[in-house]
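Chemist: Below you will find the structure I want to go over with you.
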Amino acid sequence: MSDPVANVEVSNSLSQIERVVDVFVDPSKAFHDILRDTSWWLPWLLGVLVTLGFGAAIQQKIGWDKTYNNILLQSSQAQQDRMSQLPPDQQAHQKAIGAAFVEYIFWGTPVLALLFAAIAGGVLLLTLNFGLGGKATFPQMFALWFYATLPFIIQGILAIIAVFAGLDPDSFNLKNPVGTNIGYFLPQDSPKWLIAFGTSIDVLTIWVLILLTMGCAIVARVKKSTAAIAVWGWWVLITLVKVATAGL
């Protein structure tokens with residue numbers, strides 16, 4: 001005789017594609033499915049594909065030398081002054097090294113994403129389980145991170161479209177490529193701390209924080225208010241550090 005509970009679980013199980021779709025249309029259903037299966041490869045793979053597309057757009061339309069030069073121009077005045085004080089040959093050498101470093105780091109993003117997911121998932125796991133009475137496991141939190149951060153793929157897609165549509169290379173900012181946040185629209189001569197704060201007020205980031213709150217509540221078996229303390233608390237702390245660092 002078949003087990004009715006097992007049959008319900010099988011009938012309610014989602015494929016990886018269905019789970020990705022449900023993150024956008026029915027996130028609660030997607031996150032409950034993580035309790036059954038902690039597979040995370042599809043959202044990571046989608047991120048890899050978007051990263052490759054964005055990298056190809058940068059390489060063809062912007063160039064890594066220009067990308068690094070823009071980063072330098074958007075950096076602190078002290079950093080710009082140090083570069084300008086170097087002899088021309090040393091400036092060219094340093095910029096070549098900087099451009100190569102940015103390119104290598106960018107192409108290494110898929111691997112770095114795994115490391116970052118492990119760190120972020122681990123931090124949330126410790127916060128929820130040991131600080132707030134949760135019952136999540138690391139594989140669950142690892143998978144949750146990849147699914148809850150899927151909206152960030154939209155930023156990559158928009159950036160690809162913008163670059164291929166003829167974005168002015170002089171205005172390209174690898175750290176903030178599209179206008180999903182307040183900081184994107186601030187003048188470049190605005191105080192660095194204000195730009196840092198503005199980039200934190202991001203539509204996609206807020207969306208991800210909401211998804212993480214929902215997912216943590218489901219996976220860790222805690223109230224949404226408790227999950228919100230963990231998720232939004234860390235976001236506030238990281239934002240304060242980011243703003244303070246930019247101010248210094």
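Readers should treat all values here as calculations from the given coordinates under stated rules, not as data from a laboratory. Keep in mind the model is a prediction, meaning the values are calculated, not measured. Glycine also receives a Cβ, built like all others from the backbone with ideal geometry; neighbour counts cover every protein chain displayed.
Chemist: At what distance in angstrom do the alpha carbon centres of region 10-80 and region 168-208 lie from each other?
Modeler: Spelled out, the Cα-based centre of one part sits 18 Å from the other.
Chemist: Further question on the same structure: Rounded, prolate or oblate: which fits the chain, taking a ≥ b ≥ c as square roots of the Cα gyration tensor eigenvalues, rounded meaning a/c under 1.5, else prolate when a/b beats b/c?
Modeler: Prolate shape, in that a/c is at least 1.5 and a/b is the bigger ratio.
Chemist: Using 0.36 nm per residue of separation minus the Cα-Cα distance, give me the extension gain between Val25 and Ile105 in nm, one decimal.
Modeler: 25.5 nm
Chemist: Which of Lys61, Lys175, Lys224 has the fewest other C-beta atoms within 10 Å, and how do the rest follow up to the most?
Modeler: Lys175, Lys224, Lys61
Chemist: Calculate how steeply helix 109-126 sits against the longest principal axis of the alpha-carbon atoms of the chain, using the helix alpha-carbon long axis, and give the answer as 0 to 90 degrees to the nearest 10.
Modeler: Orientation of helix 109-126: about 50 degrees from the principal axis.
Chemist: Going by how many other Cβ atoms sit within 10 Å of their own, how do Val241, Val163, Val48, Val20 line up, fewest first?
Modeler: Sorted ascending by nearby Cβ count, the order is Val241, Val48, Val20, Val163.
Chemist: Further question on the same structure: Straight-line reach from Lys66: which lysines fall under 19 Å, measuring Cα to Cα and dropping same-chain residues less than 8 apart?
Modeler: Counting by Cα, and skipping residues close in sequence, Lys66 has these lysines nearby: Lys95, Lys175.
Chemist: If neighbour count is taken as other Cβ atoms inside 10 Å, put Met141, Met83 in order from fewest to most.
Modeler: Lowest to highest Cβ neighbour count: Met83, Met141.
Chemist: Looking at Leu52, Tyr104, Asn12, which one has the Cα that reaches farthest to the positive end of the dipole of region 1-121 (charges on Cβ: Lys, Arg +1; Asp, Glu -1)?
Modeler: Tyr104
Chemist: What FRET efficiency comes out for Thr137 versus Val236 if R0 is 45 angstrom and r is the Cβ-Cβ distance? Round to the nearest 0.05.
Modeler: Efficiency, rounded to the nearest 0.05: 0.95.
Chemist: By how many degrees, 0 to 90 and rounded to 10, does the Cα axis of helix 88-107 deviate from the longest principal axis of the chain?
Modeler: Helix 88-107 sits roughly 10 degrees off the main axis of the chain.
Chemist: Using the alpha-carbon centroid of each, what span in Å lies between region 220-245 and region 87-161?
Modeler: 17 Å
Chemist: Using amide H atoms built 1.01 Å from N in the peptide plane, name the residues 5+ places from Leu167, or on other chains, whose amide H lies under 5 Å from its own.
Modeler: none
Chemist: Here's a follow-up. By how many degrees, 0 to 90 and rounded to 10, does the Cα axis of helix 152-164 deviate from the longest principal axis of the chain?
Modeler: Result, in degrees: 40.
Chemist: Picking from Ala165, Trp41, Val219, whose Cα lies most toward the positive end of the charge dipole for the chain (charges on Cβ: Lys, Arg +1; Asp, Glu -1)?
Modeler: Projecting each Cα onto the dipole axis, the largest value belongs to Val219.
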